[in-house]
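Report on one structure; see the data block that follows.
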Amino acid sequence: MQRRHDIDTLRILAFGLVMVYHLGMAYVADWPWHLKSAHTAEWLQWPMRALNLWRLDLVFLVSGLALGLLMRRAPPAAGLWRQRSARLLLPLAVGMAVVVPYQAYAQALAGGFIEPGFAAFLWRYAQGGPWPAGAFDGWQFGVTWNHLWFLPYLWAYTSALLLARRALAPLAPRFQALRGAGLMLLPLAPLMLWSLLLRRHFPPTHDLINDWWMHAVYFTVFVYGWWIGTDAALWRELTRLRWWALGGAVLAFGAHLGLRGWLAAPWPWARLAADAVSWWAIVAALGFAHRHLNRPWPWLGWARESVYPWYVLHQTLIIVALSWLMPLGLGPGIEPLAVLALTVLGCWALNDGLIRRVGWLRACFGLAPLRSPSKALQAQPAGQGE
């Protein structure tokens with residue numbers, strides 16, 4: 001099977017947007033986050049909101065697409081489930097034990113809930129608290145997964161899809177046959193339906209248990225990705241529609257802003273406009289990626305393997321860099337650039353200098369065992385996810 005470089009590249013860029021978004025969370029005004037810089041800016045809310053409406057939907061769609069490609073050459077469903085469970089749940093456990101705690105420590109320390117001393121915090125964290133109310137995100141549970149919530153969600157959706165694959169597979173040809181307005185509108189209808197039925201009753205929590213609106217949305221686009229596959233005619237149609245979809249997403253975002261703020265329109269119209277932004281932005285992203293990114297970039301092999309450890313590491317490194325740099329008073333221009341530079345340097349040093357070189361660490365960060373380059377190329381299917 002010929003490798004789909006556009007899918008690989010789109011996956012890397014999708015996770016890159018997640019990292020950029022998390023950096024922006026430290027600097028956007030009036031939006032709570034684990035640690036906030038003194039140099040927040042209100043104007044960041046608009047690009048952050050524009051990104052927030054579709055970035056995670058794209059990540060889950062690409063993950064479903066990757067699972068579909070993986071299933072073509074993978075072992076039977078039970079073996080694939082065991083493989084994916086190890087690749088998702090072990091990094092989650094390691095991340096919660098080793099990577100994420102500093103985020104909780106920095107947040108609790110900045111809020112005045114604990115005394116300085118990371119070692120003492122770790123000892124208490126290992127015992128599950130207890131913590132003062134509001135000490136950090138997830139304090140109620142004693143520990144937290146913070147940005148790693150994506151991993152249990154992806155594991156749950158993978159498990160559900162593998163169980164339901166025989167019922168869902170016959171619908172793939174119908175999805176792949178969509179063209180023109182049908183492709184622009186029909187997949188959007190379930191997203192709007194979930195907003196109407198679930199949004200007000202189940203606001204986002206990222207706690208896995210009570211997040212039913214997000215589950216409905218994310219699992220729907222995950223299945224869309226699985227259905228899309230590599231159907232050449234559908235990808236040609238996505239490419240043809242890319243400019244229409246981009247224009248539609250821009251217009252829908254303008255309508256969302258107008259309905260949300262300027263006109264103070266009642267719910268649910270602003271939310272439905274946001275759903276349109278999500279699907280049309282995804283169609284545009286898929287179309288532009290297939291048109292311009294389906295080539296073997298020199299850095300693609302390294303980036304394909306590095307994106308998972310970078311995802312696990314990046315948010316903690318942002319907060320570490322922010323903790324170091326905020327007391328220096330670097331200013332609103334230099335500080336975020338320095339935080340970005342330290343985060344990128346830290347991800348690169350830990351990943352290339354340590355994680356990719358040590359067999360057991362590779363497993364802890366979701367990487368396959370070390371192989372010779374030729375065997376790795378033969379064994380890994382196109383577009384493989386985490």
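The values are calculated or read from the model by the stated rules, or taken from the named source; none is laboratory data. This structure is a prediction, so every number in the text was calculated from the model and none was measured. Cβ placement follows ideal geometry from the backbone for every residue including glycine, while neighbour counts extend to all protein chains displayed. We work out accessible area using only protein heavy atoms, side chains counted, and drop any ligands, DNA or RNA first. Shrake-Rupley method; radii C 1.70, N 1.55, O 1.52, S 1.80 Å.
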*Of the listed peptides 211-219, 358-366, what is their order by residue-averaged count of other C-beta atoms within 10 Å, with the highest listed first?*
211-219, 358-366
*Across all directions of projection, what mean area in square nanometres is found for the Cα convex hull of the stretch 10-157?*
10.4
*Over the Cα atoms of the stretch 236-285, compute the convex hull volume and normalise it per residue, giving Å³.*
48
*Choose one answer from Pro132, Pro298, Pro336: the residue with the largest mean-square fluctuation in a GNM of the chain with alpha-carbon springs under 10 Å.*
Pro298
*Put +1 on the Cβ of every Lys and Arg and -1 on every Asp and Glu Cβ in the chain; which of Trp279, Tyr21, Ala108 then has its Cα farthest towards the positive end of the dipole?*
Trp279
*Of the listed peptides 144-153, 340-349, what is their order by residue-averaged count of other C-beta atoms within 10 Å, with the highest listed first?*
144-153, 340-349
*Starting from the Kirkwood radius over alpha-carbon pairs of the stretch 141-295, derive D by Stokes-Einstein at 10 °C in a medium of 1.306 mPa s and give it in µm² s⁻¹.*
93
*Rounded to the nearest 20 Debye, what is the dipole magnitude of the chain about its Cα centre when Lys and Arg each give +1 and Asp and Glu each give -1 at the C-beta?*
1440
*Tell me, what is the per residue accessible area of the chain in Å², probe radius 1.4 Å?*
46
*In nanometres, what is the gap between the two model label sites at Leu208 and Phe118, each 7 Å from Cα along Cα-to-Cβ?*
2.6
*Once fully extended, how much extra length lies between Arg271 and Leu330, figured as 0.36 nm per residue of separation less the alpha-carbon to alpha-carbon distance?*
17.4 nm
_Accessible area of the chain with a 1.4 Å probe: how many percent of it is carbon plus sulfur?_
68
*Stretched out fully, how many nm does the piece from Leu89 to Leu44 gain, at 0.36 nm a residue minus the Cα gap?*
12.8 nm
*Report the calculated FRET efficiency for Leu171 and Arg200 (r = Cβ-Cβ distance, R0 = 35 Å), to the nearest 0.05.*
0.75
*Per q in 0.08 1/Å, what log10 I(q)/I(0) does a Debye calculation on the alpha-carbon atoms of the chain return?*
-0.43
_Extension reserve of the Trp299-Ala181 stretch, reckoned as 0.36 nm per residue once the Cα distance is removed_ = 38.8 nm
